Amino acid sequence: MRDFSADHRWLSLNTATVRKQGDLLEIIDACARHGMRAIDPWRDQVAAVGLDRAARAVRDAGLDLTGYCRGGMFVSDAARRTEVRDDNRRAIDEAKALGSSCVVLVAGGLPQYSRPGSAASKDIAAARGQVHDAIAEMLEYARTANMPLAIEPLHPAYAADRACVNTTRQALDLCDAIDPARTGMLGVALDVYHIWWDAELMAQIARAGKDRILAFHVCDWLVPTRDMLNDRGMMGDGIIDIKPIRAAVEAQGFAGYSEIEIFSNDWWSRPMDEVLRTCIERHKTAV
């Protein structure tokens, strides 16, 4: 396993971590001040400053992109299927313009939450079938742009509203069904917040292998968690044993960035530079 204690060259910042403190251009400037080499921006942040300005700022700062958040939210009623397809194609186009390494996919839950306005359903099996079909269709377009897709399994608490793909096994089953040849165009984004609890995790990481692990995200799980979405912890403040998970991922050949992604009302209330300094310190000690 790589030694992160001496520097933060393998730290990437998911820009949601400081989304309340500034726009994307301000976040990029702050990353430059703190010597960060990589980010993963969100589509709404890019839209707020304009795609061309965002792409130029990324290039000028010399940043790598460890992903682009996010594509997906595939589940809808029939009336919105074209909207879903076109929205995900735009995500690929934007990621290509920004120079991203992949598009991170959050599958979506039941249709009324995944695509508001859709007819309500309680059929989670149908939702999962729709996710399979939509990713298969999206992959065809992604191949034309040479833009890999990374399925991110989310904690089961999000199954209804955000993602009906909830385990690493489920995500890899989708990969194997849709891309059995392991072309490098379809894989997983593994976020310790969502997968740390899974008894099958280590076996599934070994199953994934180097060609399926496209991104690795870190933060921590607080006890108690006051808000399932917006109360993530800074690495080292919670109960996730991050280093063994990173060791397992790196044992498969993953040699990319560890991406810090923290949705937190607490950390959003602090100055951006304080948050980034803490990210750097904890990346050295807790990741």
For this session: Please find, among Arg246, Arg207, Arg212, the residue that is charged (D, E, K, R) and touching a Cys at 6+ places or on another chain (Cβ under 8 Å).
Result: Arg212
For this session: Could you tell me whether any residue of the range 65-88 is among the aliphatic types (A, V, I, L, M), touching a Cys at 6+ places or on another chain (Cβ under 7 Å) and either free of Cβ contacts under 8 Å to residues at least 60 places away in the same chain or farther than 30 Å from Gly129 by Cβ (or both)?
Result: no
Exercise. Can you spot a residue in the range 249-264 that is aliphatic (A, V, I, L, M), farther than 20 Å from Asp198 by Cα, out of contact with any strand residue (DSSP E or B) (no Cβ under 8 Å at 6 or more places or on another chain) and in contact (Cβ under 8 Å) with a residue 24 or more places away in the chain?
Worked result: yes
For this session: Determine whether the range 63-70 contains at least one residue that is surrounded by fewer than 21 Cβ atoms within 10 Å (Cβ to Cβ) and part of a helix (DSSP H, G or I).
Result: no
Exercise. Are any residues in the range 1-53 outside any helix (DSSP H, G or I), touching a Ser or Thr at 6+ places or on another chain (Cβ under 7 Å) and under 22 Å from Ala91 (Cβ atoms), and if so, which ones?
Worked result: Ser12, Ala38, Ile39, Asp40, Pro41, Trp42
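Name the residues in the range 138-162 that are of a type in the set (Asp, Glu) and under 21 Å from Ala95 (Cα atoms), would you? Write out each step before concluding.
Looking only at the range 138-162, we keep the residues that are of a type in the set (Asp, Glu), and these are 140, 152, 161.
Listed by number, the residues that qualify are Glu140, Glu152.
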Exercise. For the range 187-204, which residues satisfy the criterion of being in contact with a Leu (Cβ under 9 Å, 6 or more places away or on another chain) and more than 19 Å from Glu259 (Cβ to Cβ)?
Worked result: Gln204
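Table: residues versus (1) touching a helix residue (DSSP H, G or I) at 6+ places or on another chain (Cβ under 8 Å); (2) of a type in the set (D, E, K, R); (3) part of a loop (DSSP other than H, G, I, E, B).
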residue	(1), (2), (3)
Pro116	no, no, yes
Ala120	yes, no, yes
Ala134	yes, no, no
Glu137	yes, yes, no
Exercise. When residues of the range 73-84 are filtered for being part of a helix (DSSP H, G or I) and either surrounded by fewer than 16 Cβ atoms within 10 Å (Cβ to Cβ) or of a type in the set (Val, Ile, Thr) (or both), how many remain?
Worked result: 5
For this session: Would you mind stating whether Ile260 is crowded, with 23+ Cβ neighbours inside 10 Å and touching a Pro at 6+ places or on another chain (Cβ under 9 Å)?
Result: no
Seminar exercise, completed: Only one of Leu110, Leu105 is crowded, with 24+ Cβ neighbours inside 10 Å and touching a residue at least 24 places away in the same chain (Cβ under 8 Å), namely Leu105
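Each reported figure results from applying straightforward, stated rules to the coordinates on display, with no laboratory input. Note that this is a predicted model, so its numbers are computed, not measured. Using ideal geometry, Cβ is built from the backbone for each residue, glycine included, and neighbour counts are taken over all protein chains shown.
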